[in-house]
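Got a structure for you, questions after.
The values are calculated or read from the model by the stated rules, or taken from the named source; none is laboratory data. Being a predicted model, the structure only gives us computed values, none of them experimental. Neighbour counts are summed over all protein chains in view; Cβ atoms, including those assigned to glycine, are modelled from backbone coordinates with ideal geometry.
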Amino acid sequence: MPAPGSRDPNVWSEDGSARRCGHCGKWKPATPEHFEANRRKPNGIGSRCRGCLKEYNHTPTRRARRHRHHLRDEYQLTPLEYSDMERAQGHTCALCGEPCSTGRRLAVDHDHETGRVRALLCNQCNRVLGMAGDDPDRLRRMAAYVEHFRQDSGSSDPNA
């Protein structure tokens, strides 16, 4: 075991410019471009190379953990509360009534001013609401615009 403050030669090169990935065991330059960042380490370099970190972050366990933390930190929701909402909505979007077409989870829709959770939406409906700034008047004008051009009125003025 190396002395405190010294670098393990099985992990670090003599000059400290390279390190071995703790997962795949390959030697790579000890830079943020090649290794994960870790604020708890004195040099800020973590133990996994970027390739291994990417692979790790896409494991079902890691994705579930990130989702759980996101629900808790952003919306004060537990996974059980999210599942109950999803089940109550029939696993479909509260606006369009369709399941999420991207295969992703339904997004938690919330009031950006109060933080109050409203419902679960598909990615597309969530984006539309966000782009419209959650403004009901703007959304009504958008709906009127689309309806106007769906009709074969011959007029190109949406306010006609």
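Could you go through the stretch 27-42 and let me know if any residue there is of a type in the set (K, R) and in contact with a Cys (Cβ under 6 Å, 6 or more places away or on another chain).
Filtering the stretch 27-42 for residues of a type in the set (K, R) gives 28, 39-41.
Of the ones still in play, those that are also in contact with a Cys (Cβ under 6 Å, 6 or more places away or on another chain) are 28.
Scanning the stretch 27-42 turns up at least one residue that is of a type in the set (K, R) and in contact with a Cys (Cβ under 6 Å, 6 or more places away or on another chain).
In this structure, does E36 turn out to be closer than 21 Å to D111 by Cα, free of Cβ contacts under 8 Å to residues at least 40 places away in the same chain and not in a loop (DSSP other than H, G, I, E, B)?
Working: closer than 21 Å to D111 by Cα: no; free of Cβ contacts under 8 Å to residues at least 40 places away in the same chain: yes; not in a loop (DSSP other than H, G, I, E, B): yes.
When the stated conditions are applied, E36 does not pass them.
Are there any pairs, at least 6 apart or on different chains, whose C-beta atoms fall under 9 Å, with the first in the stretch 74-86 and closer than 11 Å to R105 by Cβ and the second of a type in the set (F, W, Y), and if so, which?
Y82/Y75
Of the residues C24, C52, only one is of a type in the set (A, V, I, L, M, F, W, C), part of a loop (DSSP other than H, G, I, E, B) and not assigned by TED's automatic domain parsing to the domain that holds C125; which?
On the way: C52 fails: part of a loop (DSSP other than H, G, I, E, B).
Just a single option satisfies the conditions, and that option is C24.
Moving to a separate point now. Which of the residues belonging to the stretch 15-51 are among the acidic types (D, E) and either surrounded by 13 or more Cβ atoms within 10 Å (Cβ to Cβ) or touching a Gly at 6+ places or on another chain (Cβ under 6 Å) (or both)?
Filtering the stretch 15-51 for residues among the acidic types (D, E) gives 15, 33, 36.
Matches in the stretch 15-51: E36 only.
Look through V108, V117 and report the one residue that is touching a residue at least 40 places away in the same chain (Cβ under 8 Å), in contact with a helix residue (DSSP H, G or I) (Cβ under 8 Å, 6 or more places away or on another chain), in the same structural domain as L71 (by TED's automatic domain parsing) and not charged (D, E, K, R).
Only one candidate passes the filter, namely V117.
If I filter the stretch 77-124 down to residues being out of contact with any Phe, Trp or Tyr (no Cβ under 9 Å at 6 or more places or on another chain) and assigned to a strand (DSSP E or B), which single residue comes out as nearest to P60 (Cα to Cα)?
Checking each candidate, the answer is A107.
Here is a further query. If I filter the stretch 44-87 down to residues being within 18 Å of the chain's Cα centre (by Cα) and among the basic types (K, R), which single residue comes out as farthest from P32 (Cα to Cα)?
It comes out as R72.
Within the stretch 73-92, is there a residue that is under 30 Å from C125 (Cβ atoms), of a type in the set (G, A, S) and touching a helix residue (DSSP H, G or I) at 6+ places or on another chain (Cβ under 6 Å)? Spell out the reasoning first.
Going residue by residue through the stretch 73-92, those that are under 30 Å from C125 (Cβ atoms) are 73-92.
Now restrict to residues that are of a type in the set (G, A, S): 83, 88, 90.
With the extra rule that they be touching a helix residue (DSSP H, G or I) at 6+ places or on another chain (Cβ under 6 Å), the set shrinks to none.
For the stretch 73-92, residues under 30 Å from C125 (Cβ atoms), of a type in the set (G, A, S) and touching a helix residue (DSSP H, G or I) at 6+ places or on another chain (Cβ under 6 Å): absent.
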